[in-house]
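K.L.:
Before anything else, here's the structure in question.
The values are calculated or read from the model by the stated rules, or taken from the named source; none is laboratory data. The model shown is predicted, which means the values in this text are computed figures rather than measured ones. FYI the Cβ positions are ideal-geometry reconstructions off the backbone, even for glycines, and counts take in every protein chain you see.
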Amino acid sequence: MRCGTLLALAALAAGAMLHNGAADAASAEKGKAAFVQHGCWQCHGFQGQGANTGPKLAPDPIPIEPFTAFVRTTDRSMPPYTEAVLSNEELADIHAYLQSIPKPADYKSLPLLNQ
């Protein structure tokens with residue numbers, strides 16, 4: 001009985017991890033669309049790489065809590081995005097998208113740059 005319970009718990013945990021992975025992928029996909037729809041790309045670039053008008057956001061964005069606080073209350077050149085403009089779900093999706101952007105290859109791994 002004890003072994004069966006452990007197996008059932010392990011199966012539930014594995015299923016939850018698979019489900020969370022799918023949810024993260026969907027959130028990142030929705031976040032990419034929201035990033036474009038709300039014009040974030042105009043200052044931060046399509047990959048969050050930053051530009052003259054906006055800082056780099058990805059890879060490795062700041063944690064979601066300070067990210068949300070800044071987006072909601074910024075007093076810099078970026079206008080604050082209230083919940084009426086950008087929902088909490090959309091903001092979380094944008095953060096998931098920024099987290100999903102991989103780090104660029106190390107320049108040492110590019111043969112042309114090592115000649």
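K.L.:
Mind telling me which of the residues Ser100, Ser87 ends up being surrounded by 12 or more Cβ atoms within 10 Å (Cβ to Cβ), among the polar types (S, T, N, Q) and over 20 Å from Gln49 (Cα atoms)?
P.N.:
Answer to the check: Ser87.
K.L.:
Would you confirm whether any residue within region 14-30 is out of contact with any helix residue (DSSP H, G or I) (no Cβ under 8 Å at 6 or more places or on another chain), at pLDDT 95 or above, assigned to a helix (DSSP H, G or I) and within 25 Å of Lys103 (Cα to Cα)?
P.N.:
no
K.L.:
Any residue at all in region 57-69 that is among the small types (Gly, Ala, Ser), modelled with pLDDT under 95 and assigned to a loop (DSSP other than H, G, I, E, B)?
P.N.:
The answer is no, given that none of the residues of region 57-69 is among the small types (Gly, Ala, Ser), modelled with pLDDT under 95 and assigned to a loop (DSSP other than H, G, I, E, B).
K.L.:
If you check Pro79 against the conditions, is it within 20 Å of Glu29 (Cβ to Cβ) and assigned to a loop (DSSP other than H, G, I, E, B)?
P.N.:
The answer is no for Pro79.
K.L.:
Taking the stated definitions as given, is Leu110 on the phi < 0 side of the Ramachandran plot, in contact with a helix residue (DSSP H, G or I) (Cβ under 7 Å, 6 or more places away or on another chain) and either hydrophobic (A, V, I, L, M, F, W, C) or at pLDDT below 95 (or both)?
P.N.:
Spelling it out, it is not the case that Leu110 is on the phi < 0 side of the Ramachandran plot, in contact with a helix residue (DSSP H, G or I) (Cβ under 7 Å, 6 or more places away or on another chain) and either hydrophobic (A, V, I, L, M, F, W, C) or at pLDDT below 95 (or both).
K.L.:
Need the failing condition index for Glu29 against (1) among the acidic types (Asp, Glu); (2) touching a Lys or Arg at 6+ places or on another chain (Cβ under 9 Å); (3) surrounded by 13 or more Cβ atoms within 10 Å (Cβ to Cβ), just the number.
P.N.:
(2) is the only condition that Glu29 fails.
K.L.:
Can you name the residue in region 62-80 that is closer than 18 Å to Gly50 by Cβ and either of a type in the set (S, T, N, Q) or touching a residue at least 12 places away in the same chain (Cβ under 8 Å) (or both) and is also surrounded by the most Cβ atoms within 10 Å (Cβ to Cβ) among such residues?
P.N.:
Ranking the candidates gives Val71 first.
K.L.:
Identify, by number, the condition in (1) charged (D, E, K, R); (2) under 14 Å from Phe35 (Cα atoms); (3) at pLDDT below 95 that Glu90 doesn't meet.
P.N.:
(3)
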